[in-house]
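Chemist: Below is the structure I would like to discuss, written out as structure tokens.
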Amino acid sequence: MAREVYVNGAFVDEASASVSVFDRGFLFADAVYEVTAVIDGGFVDFAAHQTRLQRSLAELAIDYDPIASGLLDIHRELRERNQLHEGLIYLQISRGAADRSFIKPTAIAPSVVLFTQQAALVDAPDAQRGIRVITCPDLRWHRRDIKTTQLLYSSLMKSQAIDAGVDDVWMLEGDTVTEGSSSNAHIITHDGVLVTRPLSTDILHGITRAAVLNYAREQGLRVEERVFTLAQAKAAKEAFITSATAFVMPVVEIDGEPVGDGQVGQGAKRMRELYLAESRQRLQS
Ligand code: PMP
């Protein structure tokens, strides 16, 4: 079945979908995006993704109102048209198309694109074996809290990790861990404390991060939002990443050194199960 995508108000076959060559998303990465997971045919944390989208749009002064535009209904229709039961919906909103200029144009209509990707997210084999990461300096711009499509550095670093025979990178600001290439980074200390970098412009304010911290606190687990160093990560009992499509993914090796005993730990395993169970109870139909 050919995939149908959404472009500026219409559902069209992916082969005939197009946006302008003057689109500022294409020319300047002047665009924001969201990725919402679909499991059991329902959306995970849709409302939180929409709220973050509104914030990203406001930070860049892109004029688009997700609620007035019926963004949830667009997601629903795209899901039905592509019979998506498990996978993700990618959404991108750029400032729109205008003659190329460093001065951002005003009063142009944003370009809105959505598409689906099928994927087995729940039974991901990586969750069983854990992933291995290497570190690299975090050379991205310093507004990482805005979810823009400027992802080149992260893409190059992730590719470098794959070329090096591992799964991903953890990025470093000085000797502290910021994030994975497309995920938030967390550790569990030998005292059982879940430690994660606090929200700032250094990191994306992950929707999965927020949910996992909530669920952990509800379970009475100790959570500390503080900066942690690479040395602390290497000395931790466990490490893991979170993202909308990886959920909770254990990290078993950093820069060739095992984290804890180098196996998937009970803490990360439990957090993944908890996250999935809680998310399933809250699915947006
Ligand atoms: N940090 C970065 C840099 C990311 O790209 C992502 C995923 N897009 C995340 C964190 C995780 O955010 P979320 O849980 O909202 O997917």
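The values are calculated or read from the model by the stated rules, or taken from the named source; none is laboratory data. Note that the coordinates shown come from a computational prediction; the quantities given were computed from them, not determined experimentally. Positions of Cβ are backbone-derived with ideal geometry, glycine not excepted, and every protein chain shown enters the neighbour counts. Each accessible area value is taken on the protein alone, full model and side chains, heavy atoms only, with ligands, DNA and RNA left out. Shrake-Rupley method; radii C 1.70, N 1.55, O 1.52, S 1.80 Å.
Chemist: If you put +1 on each Lys and Arg Cβ and -1 on each Asp and Glu Cβ, how big is the dipole of the chain around its Cα centre, in Debye rounded to 20?
Modeler: Magnitude of the dipole: close to 320 debye.
Chemist: Right, another one. Can you tell me, using C-alpha contacts under 8 Å and at least 6 residues apart, the relative contact order of the range 125-281 as a whole percent?
Modeler: 26 percent.
Chemist: Once you wrap a convex hull around the alpha carbon atoms of the range 81-206, what is its projected area averaged over all directions, in nm²?
Modeler: Working: hull surface 46.1 nm².
Convex hull of Cα atoms, orientation-averaged projection: 11.5 nm².
Chemist: Right, something else. Mean projection of the alpha-carbon convex hull of the chain over all orientations, in nm²?
Modeler: Averaged projected hull area, Cα only: 15.0 nm².
Chemist: With r defined as the distance between the Cβ atoms of residue 63 and residue 152 and R0 fixed at 30 Å, what FRET efficiency is calculated, to the nearest 0.05?
Modeler: After rounding, the FRET efficiency stands at 0.70.
Chemist: Say the dipole of the chain comes from +1 at the beta carbon of Lys and Arg and -1 at that of Asp and Glu; which of 152, 36, 223 then lies farthest toward its positive end?
Modeler: Farthest towards the positive end: 223.
Chemist: With angles folded into 0 to 90 degrees, how steeply does helix 207-218 sit against the dominant principal axis of the chain? Use alpha carbons for both and round to 10.
Modeler: 40 degrees
Chemist: Once phi is turned into ³J(HN,Hα) by the Karplus curve 6.51 cos²θ - 1.76 cosθ + 1.60 with θ = phi - 60°, what whole-Hz value does each residue of the range 24-33 show in order, with x for glycine and proline?
Modeler: With the stated coefficients, the range 24-33 comes to 6, x, 5, 7, 10, 6, 8, 7, 10, 8 Hz.
Chemist: For the pairs 104/147; 158/269; 234/269, note any where the Cα-Cα span goes beyond 22 Å.
Modeler: Listed pairs above 22 Å: 158/269.
Chemist: Given N residues in the range 4-118, what is Rg(Cα) / (2.2 N^0.38 Å)?
Modeler: Here the Cα radius of gyration is 1.06 times the empirical estimate.
Chemist: Could you grab the relative contact order for the chain? Cα pairs under 8 Å, six or more apart, rounded to a whole percent.
Modeler: 19 percent
Chemist: Normalised by the residues of the range 4-118, what does the relative contact order come to in percent, with Cα pairs under 8 Å and at least six apart?
Modeler: 38 percent
Chemist: OK, next. With a Förster radius of 25 Å, plug the Cβ-Cβ distance of residue 218 and residue 285 into 1/(1 + (r/R0)^6) and report the FRET value to the nearest 0.05.
Modeler: FRET efficiency, residue 218 to residue 285: 0.60.
Chemist: Residues of the chain: accessible area per residue at 1.4 Å, in Å²?
Modeler: Here the per-residue accessible area is 46 Å².
Chemist: When the accessible area of the chain is computed with all protein chains present and a 1.4 Å probe, what percentage of it is carbon and sulfur?
Modeler: Of all accessible area on the chain, carbon and sulfur atoms account for 51 percent.
Chemist: Please report the Cα spread of the range 181-285 along all three principal axes, rounded to whole Å, starting with the longest.
Modeler: Extents along the principal axes, in whole Å: 42, 31, 25.
Chemist: Compute, for residue 65, the solvent-accessible surface of its heavy atoms (probe 1.4 Å) with the complete set of protein chains present, and express it in square angstrom to the nearest 10.
Modeler: Residue 65 exposes around 80 Å² with every protein chain in place.
Chemist: Then there is this: Ordered by packing density, taken as the mean number of other Cβ atoms within 10 Å over each peptide's residues, highest first, how do 14-26, 263-275 rank?
Modeler: With the highest mean Cβ count within 10 Å placed first, the list reads 263-275, 14-26.
Chemist: With r defined as the distance between the Cβ atoms of residue 122 and residue 230 and R0 fixed at 51 Å, what FRET efficiency is calculated, to the nearest 0.05?
Modeler: Details: r = 31 Å, r/R0 = 0.61.
So, using R0 = 51 Å, E works out to roughly 0.95.
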